[in-house]
1. Let me check I've understood the local charge: for Ala56, count other residues with C-beta under 12 angstrom from its C-beta, Lys and Arg +1, Asp and Glu -1. What total comes out?
2. Can you tell me how the chain classifies by the Cα gyration tensor, rounded, prolate or oblate, using a/c under 1.5 as the rounded cut?
3. Using the Cα centre of the range 34-191 as the reference point, and only Cβ charges (+1 on K/R, -1 on D/E), how large is the resulting charge dipole? Debye, rounded to the nearest 20.
4. Counting alpha carbon pairs within less than 8 Å and at least 6 residues apart, what relative contact order, in whole percent, applies to the range 125-189?
5. Once you put a point 7 Å from the Cα of Tyr181 and another 7 Å from the Cα of Leu20, both along the Cβ direction, what distance in nm separates them?
6. For Asp58 and Asn158, FRET efficiency with R0 = 25 Å and r from the beta-carbon atoms, rounded to 0.05?
7. In debye, nearest 20, what is the charge dipole magnitude of the range 65-123 about its Cα centre with +1 on Lys and Arg Cβ and -1 on Asp and Glu Cβ, if you could check?
8. Just to be sure I understand the model, the point goes 7 Å from the Cα along the line to the Cβ. What's the resulting Leu68 to Ala51 distance in nm?
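The values are calculated or read from the model by the stated rules, or taken from the named source; none is laboratory data. Keep in mind it's a predicted model, so treat the numbers as computed, not measured. So basically every Cβ, Gly included, is an ideal-geometry build from the backbone, and we count neighbours across all protein chains shown. In case anyone asks, the SASA skips ligands and DNA or RNA and just uses the protein heavy atoms, side chains included. Shrake-Rupley method; radii C 1.70, N 1.55, O 1.52, S 1.80 Å.
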Amino acid sequence: MGNRLTKIVTRTGDTGTTGLSDGARVDKDAPRMEVIGTVDELSSQMGLAQAAISGAPDGAALCETLSLLQHDLFDLGGALSMPLAPLLSEAHVARLDGILEALNAELPPLREFILPGGSAAIAALHVARCVARRAERRLVSLLADEPQDGASGLAYLNRLSDLLFVMARTVARQEGVAEHYWQSQKSLSRS
């Protein structure tokens with residue numbers, strides 16, 4: 001493969017633009033760059049979740065899954081940097097569906113909305129879930145302005161946020177941490 005990144009500091013972005021894979025230059029705050037940046041943030045947050053999960057019981061399997069998903073996100077970011085390229089495939093989405101089904105089958109039925117938190121690992125997964133939703137919203141906005149084969153990319157981000165929620169529940173169960181359910185109007189009862 002050789003050295004793909006021989007120079008990290010290029011100074012080409014010093015004026016507020018960045019290069020896409022097709023050679024075009026765009027503003028760093030362009031909608032396409034907002035999606036790419038949010039997908040990168042999501043991958044980083046998933047790396048933080050891996051670090052928090054790595055010491056948990058049965059954490060290795062979840063860490064391996066998160067690493068696989070980070071590779072998918074890198075693929076998504078690469079496709080986003082090439083206008084008109086397809087954003088992931090139906091196979092990516094189908095794999096998420098399979099992982100979701102397997103993890104969710106081990107969990108008790110959901111009784112109520114869950115408040116994020118309980119441990120560092122659970123909280124990190126919930127933050128990643130929120131970033132996935134933001135990436136999804138950013139992609140919807142981009143695709144409204146710049147048509148691209150994005151159906152699988154949108155479906156992937158939608159399923160990924162669901163999967164991160166289920167992973168947070170899985171970690172809570174593995175750690176023996178009780179889920180904290182939302183209680184309507186609870187804050188008013190303490191007044």
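1. On the way: positive: Arg173; negative: Asp58, Glu175.
Net charge in that neighbourhood comes out at -1.
2. Note, shape of the chain comes out prolate.
3. 700
4. RCO, the range 125-189: 42 percent.
5. Result: 4.8 nm between the two label points.
6. The computed FRET efficiency comes out at 0.45.
7. Result for the range 65-123 is approximately 140 debye, rounded to the nearest 20.
8. Using points 7 Å along Cα→Cβ, the separation is 2.4 nm.
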